[in-house]
Amino acid sequence: MSEIVEVDARGTIQLPRDLLATVKPHTRFVLDVEGETIVLRPITTLPFWQVATPQERADAARQWAALERPAAPPIPDEALHRHQMYD
């Protein structure tokens, strides 16, 4: 089945209702761009934050916090003065 669709000025693609007759409302998709082809794949697994226990989320947050951070330039002391923060 081939359908012609158009991208509007905002970058929105509207698909005909009959093309999506078997898709339930609020179904989420992953969009893959393969050359000039756009492929929509339904998300079949829930994200970690929706399936993890509170303990698993806490452990993941601790692991993330323990990661080495990239080097960043130091903030000069004068930048932390109250009168500098509101400029």
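Every number here is computed from the coordinates shown, using simple stated rules; none is lab data. In this text the structure is predicted, and so the values were computed from the model without any measurement. Don't worry about glycine lacking a Cβ; one is built from the backbone with ideal geometry, like all the others, and counts go over all protein chains shown.
Count of segment 30-50 residues, restricted to those that are β-branched (Val, Ile, Thr) and loosely packed, with under 10 Cβ neighbours inside 10 Å, is 4. When you look at residue 57, is it surrounded by 10 or more Cβ atoms within 10 Å (Cβ to Cβ) and of a type outside the set (A, V, I, L, M, F, W, C), yes or no? Spelling it out, residue 57 is indeed surrounded by 10 or more Cβ atoms within 10 Å (Cβ to Cβ) and of a type outside the set (A, V, I, L, M, F, W, C).
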